[in-house]
1. Name the shape class, rounded, prolate or oblate, that the alpha-carbon gyration tensor gives for the stretch 514-673, where a ≥ b ≥ c are the square roots of its eigenvalues, rounded holds for a/c under 1.5, and otherwise prolate holds if a/b is larger than b/c and oblate otherwise.
2. Run through the DSSP bridge list for the chain and note the antiparallel percent, rounded to the nearest 5.
3. Once R0 is set to 56 Å, what does the formula 1/(1 + (r/R0)^6) return for the Cβ-Cβ distance between Lys623 and Lys235, expressed as a FRET efficiency to the nearest 0.05?
4. Please give the solvent-accessible surface of Arg421 in Å², to the nearest 10, using a probe radius of 1.4 Å with every protein chain present.
5. Sorted by mean Cβ packing within 10 Å, highest first, what order do the peptides 469-475, 428-434 take?
6. Roughly to the nearest percent, how much of the accessible area of the stretch 443-493 is carbon and sulfur, given a 1.4 Å probe?
7. Please state the relative contact order of the stretch 527-670 as a whole percent: Cα pairs under 8 Å, 6+ residues apart?
8. For Glu516 and Ala614, FRET efficiency with R0 = 41 Å and r from the beta-carbon atoms, rounded to 0.05?
Amino acid sequence: MTTTTTTARANFAATTTTRRCFSSFLSSRRPIEHHHRRRRRFQKTTIVVVSKSMSSESTEETAATTTPTTTTAADQRPLSSSSSDDDDDDYDCVVGRLLPNETAWTNPANGEEYRLQTQTHELTRDTTVIRSLDWDRDRFDIEFGLEKGTTYNSYVIKGKEKTVLIDTSHEKFEQLYMETLASVVEDAETIDYIVCSHTEPDHSGLIKRVLERAPDATVVGTKVCLAFLDNLVQKEFKKLVVKGGDVLELGEGRQLKFIPAPNLHWPDTMFSYDTESELAFTCDAFGAHYCTKNVFDEDLPKLMPHFSFYYECLMKPNARSVLTALRKCEADGVKLSTVCTGHGPILQRNSEELIGDYKKWSEKALEKAKASVAVFYTADYGFSDRLSQSVARGVVKTDCEVAMVDLSTCDAQQIVEDVGRASGIVLLAPPNANEDIQDNIGVLIGAVKPGKQKILVCESYGGDDEPVDPLMRKFAEIGLQESQSPLKCQSTPTEGTYQLYEEAGTDLGQLLTQKEKLKEMKLSMSADVARALGRVSGGLYIVTALQGTAKSAMVASWVAQASFEPLGFTIAVAKDRAIESLMQVGDSFVLNCLSEDGFEAPMKHFLKRFPPGADRFEGVDWKPASCGSPILADAVSYLECKVVSRMDANDHWVIYSEAIDGGVFNKDAKTASHFRKVATYY
Ligand code: FEO
């Protein structure tokens with residue numbers, strides 16, 4: 001294997017350049033990346049840091065012993081025999097070639113620095129993975145806290161006649177990735193195709209840079225994907241639009257087959273399948289935000305919580321699309337035995353079990369669904385895709401299933417079917433001037449069930465949105481009830497905007513499921529048990545949390561100390577609470593304790609039903625704790641806390657947190673207690 005081990009002595013100016021580029025990215029299609037944890041700070045001038053635990057894997061000697069060199073031309077099956085000690089794991093894990101050129105990226109949101117590193121491994125004689133290890137990344141979108149960073153995986157296939165690059169990396173990896181790619185493909189101009197599985201910047205962020213070195217390469221993607229990519233690359237490049245069943249010939253009968261997988265995780269997504277090596281490239285699907293040096297999925301117990309959490313956040317809102325993609329793979333003869341994911345380890349040892357989990361979880365999500373919501377969006381228009389995903393995430397918190405329907409590609413039959421099944425409809429404003437989409441809106445209007453469905457209309461911030469108020473009036477005139485007034489988005493979406501859309505989705509889902517949930521709850525609990533459990537007393541607290549422009553609060557009663565060392569406690573938070581998104585592992589929040597004779601006013605205020613996106617703190621006297629979350633003037637004491645872990649308790653999350661700081665404002669005040677007679681309400 002050709003190796004190029006470069007010691008990157010990136011100076012701070014280089015870091016600044018990366019930051020500037022990333023900032024400009026943020027203004028167009030912004031991956032929300034903010035965090036509140038303390039990170040190891042790097043020297044600004046020397047970015048060569050090889051930690052003790054990494055040093056043994058970071059040498060050429062190790063690379064030589066861990067990289068397979070004896071495969072035969074006939075052996076195109078994935079290799080997994082190479083191994084190296086991994087002091088994080090009990091397994092004999094493949095670590096490939098972990099390059100020592102570690103560098104750092106400065107988060108523009110707060111000036112903190114994250115370790116970046118790259119790694120390569122030959123999966124077969126002619127297929128290599130380039131893994132970009134983002135060791136410290138701690139957030140992906142507002143609701144997705146990461147405990148173990150993430151990786152961005154890119155793949156090079158050197159066919160007999162054609163060389164293909166599948167996906168790239170995040171823009172922050174520019175220097176490391178381009179060096180590492182050069183070590184795998186010495187002459188970039190030999191790259192014939194760049195397959196873009198999905199345009200979110202963690203995978204497509206460096207396509208523009210690769211095209212500068214390989215200007216004749218053809219970029220391959222779905223129609224929606226290439227439309228997105230035009231905005232990102234902003235110059236002419238060769239394109240090839242592919243659809244299901246299309247193939248690229250790589251030489252001597254070897255083919256790369258394409259399987260569209262819309263909504264996993266954006267509408268543009270597709271899988272690729274190498275018919276010779278039988279490697280399936282699935283981008284976001286089946287991935288995990290889990291950064292270790294292990295190339296494969298040997299250590300299942302450690303991987304599993306990250307794998308399932310990833311599914312919960314990213315894929316569960318699209319459970320129907322997951323099952324559709326699995327069916328398509330089966331019909332197309334795509335083996336999912338070695339699954340080359342876009343994030344985290346490649347699935348190989350446990351692929352059958354993990355793919356089975358996706359199927360099982362998706363089927364369960366659909367079975368459990370108490371209502372169906374059809375979300376209509378326009379894939380290549382403004383922020384329609386991201387905003388629609390936020391609404392969908394909010395909806396699925398309430399045990400509804402969601403059908404995502406792209407108005408730019410769907411047909412009339414699909415609209416009629418999805419509307420027919422739905423009790424709620426969400427419409428992200430389409431572009432005003434597109435005739436095909438307007439025809440589809442006509443079909444949608446003709447298919448709705450007056451008096452039986454609720455609707456939410458939202459702006460897409462695409463520059464030419466069909467005005468939402470007249471659109472809503474059309475639906476009202478034919479007898480659909482709005483779940484709330486149309487959502488407006490009049491500037492580039494921020495954390496607060498995504499929170500607003502998610503909360504509106506949750507409100508819609510709650511409207512659709514409330515009655516059935518109450519009925520089920522009454523039936524599921526014996527009256528005696530409910531009365532007895534009601535005698536378990538609790539306190540009265542206001543939990544507050546803030547991240548960027550998003551902030552939230554809730555009244556809590558189910559709070560209990562859980563440990564002395566560290567000082568820790570648990571709070572039970574209903575899964576459909578808005579604040580739940582701001583209480584991921586690693587997040588900070590404040591627990592405000594109320595007093596016996598002063599709890600009524602704050603409790604009354606925070607128990608109000610706030611409209612989505614409303615400022616819960618308007619008219620409330622508060623000051624920020626060091627994490628930024630509000631300390632209420634009405635509190636008798638407060639604790640500043642950090643979430644350590646979350647336990648799934650069916651309809652609640654039990655959130656265990658460490659108390660980091662705190663204070664008592666009134667040491668003579670008694671804390672409020674909350675007494676109930678029955679456990680079927682708070
Ligand atoms: Fe990993 Fe949807 O990007």
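The values are calculated or read from the model by the stated rules, or taken from the named source; none is laboratory data. Only a predicted model underlies this, so the values are computations on that prediction, with no experimental measurement involved. FYI the Cβ positions are ideal-geometry reconstructions off the backbone, even for glycines, and counts take in every protein chain you see. When the accessible area is computed, the model is the full protein with side chains, heavy atoms only, and any ligands, DNA or RNA have been set aside. Shrake-Rupley method; radii C 1.70, N 1.55, O 1.52, S 1.80 Å.
1. rounded
2. DSSP beta bridges in the chain are roughly 70 percent antiparallel.
3. It comes to 0.70.
4. 100 Å²
5. Output ranking for 469-475, 428-434: 428-434, 469-475.
6. For the stretch 443-493, the apolar C and S fraction of the accessible surface comes to 47 percent.
7. RCO, the stretch 527-670: 27 percent.
8. Using R0 = 41 Å, I get an efficiency of 0.95.
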